[in-house]
Each structure stands twice: as C-alpha cells, then as structure tokens.
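Undergrad: Mind having a look at this structure? Questions to follow.
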Amino acid sequence: MKTVRNSGKVIQVVTACSLCLLSLATVVKAADTDINAAIEDRRANLKGVSKNIKLLSGMAKGEIDYDADKATAAAAVINENAANLQATDLWPEGSDLSATQHDGNRAKPDIWNDVSAFLAGFAELETASATLSAEAGNGLDALKANLGASGKTCKGCHQDFRGPKP
Ligand code: HEC
C-alpha cells in the first residue's frame, strides 16, 4: 500500500517536471526562431547590397552595359537595405557566429561590444548610397565617380566585424 502511494507521487513529480521541461523547451525554441529570423533577414539585406554593388561595378568596369534606369534602381536598393540594416532588431544579442542554429552566420561577437558604433557603418553606407542613387542615372562617369564611396564601406566593416566563411 505504502509503496503504491509512493510510486504515485513519483509519477506525479515526474509528470510535472516533464511538463515544465516541455514549456522551457518551447521558450528556448521560440528564442532560437527569432534569432534565426533576424540572421536571415540581415543576411538577405546584405546579399541585396552585394548583388547591386556587383551590378554597378560591372557597369563601371564596362563588363555590363551601362543603363541609367537599372543603375538608379540598383543604387536605391543599396540605400534602402543600408537603412534596413540599422535596425537593432536585426542584430539581437546571441546572434553572433557562435549561434550554431543558423548555418552561414559570420557576425563576429565584437559587434556586441558597441552595437551603435557598428551600426554607424551602415549609416555611412546609407549616406554614400543616397548620393549614388541621385548620381547613378546621370551617365557612366557620374556612376564611376560616386561608386567608390559606397564600395569602401564594405571592406572597412568586414575587416573588423565579419568572420571567416563557416
Ligand atoms: C557596418 C558593417 C558592414 C558594412 C558597412 C557592410 N557589411 Fe557586409 N556584412 C557585415 C557582417 C557583420 C556580415 C555577416 C552577417 C551575418 O552573417 O549575420 C556581413 C555579411 C555580408 C554578406 C553575406 C555573405 C556572407 O556570408 O558573408 C555580403 C554578401 C556582404 N556582407 C556584402 C557587403 C557589401 C557588398 C557591402 C558594401 C557595399 C557590405 N557588405 C557592407 C557587415 C557589414
């Protein structure tokens, strides 16, 4: 009789505990999902920047035919994405390259020593690409003259804040 009561208690405790573990797991999973979404969102914005910078530098080098409308549109995407990338939501704590739940994340932990100093790099790109948007449609020479200011922001930031390819 005693044994039966005891084992009943044990079962109750075990049940309660597995329930609490279950809800803990759900909370952790939700946090992972948010972090993954933030990483994916910022990387999509960065890839958009890269794709359009490549198009513009292809035009500047004469590898792609210059087209005023396409050049203006490409610069506008860079400008818009540079603005998007300044949202702190896209750079939550815990989303550095050790966030193993996301393949391909290259964000160095140093970013979180001073997030606003890091984000200032995207503000620089936003300013440079605003001028680029205004000028890219004014002929190949205007594009060439204004592309460098946007292009040089990439390297400066990647040196400090982007880790190696995983
Ligand atoms: C303010 C800092 C900063 C600036 C400016 C910046 N990047 Fe990056 N970039 C990063 C970081 C950090 C990552 C890694 C993000 C991640 O993996 O979550 C990254 C990732 C990328 C990626 C994703 C591919 C990969 O796996 O690394 C591309 C493409 C890219 N950047 C291109 C560019 C280009 C082109 C420019 C300039 C026009 C630029 N970036 C400007 C910080 C910057």
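Undergrad: Give me a count of the residues in segment 93-117 that are at pLDDT 95 or above, in a loop (DSSP other than H, G, I, E, B) and more than 11 Å from the ligand (Cβ to nearest atom).
TA: Total meeting the criteria: 1.
Undergrad: On the basis of being surrounded by 15 or more Cβ atoms within 10 Å (Cβ to Cβ) and in contact with a helix residue (DSSP H, G or I) (Cβ under 9 Å, 6 or more places away or on another chain), does GLU80 make the cut?
TA: yes
Undergrad: What number of residues in segment 77-91 are more than 11 Å from the ligand (Cβ to nearest atom) and not in a helix (DSSP H, G or I)?
TA: 1
Undergrad: A follow-up question, please. Do we find a residue being near the ligand (Cβ under 10 Å from one of its atoms), surrounded by 16 or more Cβ atoms within 10 Å (Cβ to Cβ) and either of a type in the set (S, T, N, Q) or not in a loop (DSSP other than H, G, I, E, B) (or both) anywhere in segment 58-76?
TA: Checking segment 58-76: not a single residue is near the ligand (Cβ under 10 Å from one of its atoms), surrounded by 16 or more Cβ atoms within 10 Å (Cβ to Cβ) and either of a type in the set (S, T, N, Q) or not in a loop (DSSP other than H, G, I, E, B) (or both).
Undergrad: Under 8 Å by Cβ, and 6 or more places apart or on different chains, what pairs join a residue from segment 149-166 that is part of a loop (DSSP other than H, G, I, E, B) with one that is more than 6 Å from the ligand (Cβ to nearest atom)?
TA: GLY163/LEU97; GLY163/LYS108; PRO166/LEU97; PRO166/ASP103
A quick yes/no check of all residues on (1) among the polar types (S, T, N, Q); (2) within 11 Å of the ligand (Cβ to nearest atom); (3) surrounded by fewer than 19 Cβ atoms within 10 Å (Cβ to Cβ):
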site: SER129; (1), (2), (3): yes, yes, no
site: LEU132; (1), (2), (3): no, yes, no
site: ALA145; (1), (2), (3): no, no, yes
site: ALA149; (1), (2), (3): no, yes, yes
site: ASP160; (1), (2), (3): no, yes, yes
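Undergrad: From the set of residues in segment 83-127 that are more than 20 Å from GLN159 (Cα to Cα) and β-branched (Val, Ile, Thr), which is surrounded by the most Cβ atoms within 10 Å (Cβ to Cβ)?
TA: THR127
The values are calculated or read from the model by the stated rules, or taken from the named source; none is laboratory data. Remember, predicted model here, so these are calculated numbers, not experimental data. For neighbour counting, all protein chains shown are included, and Cβ atoms are generated from backbone atoms with ideal geometry for every residue, glycine included.
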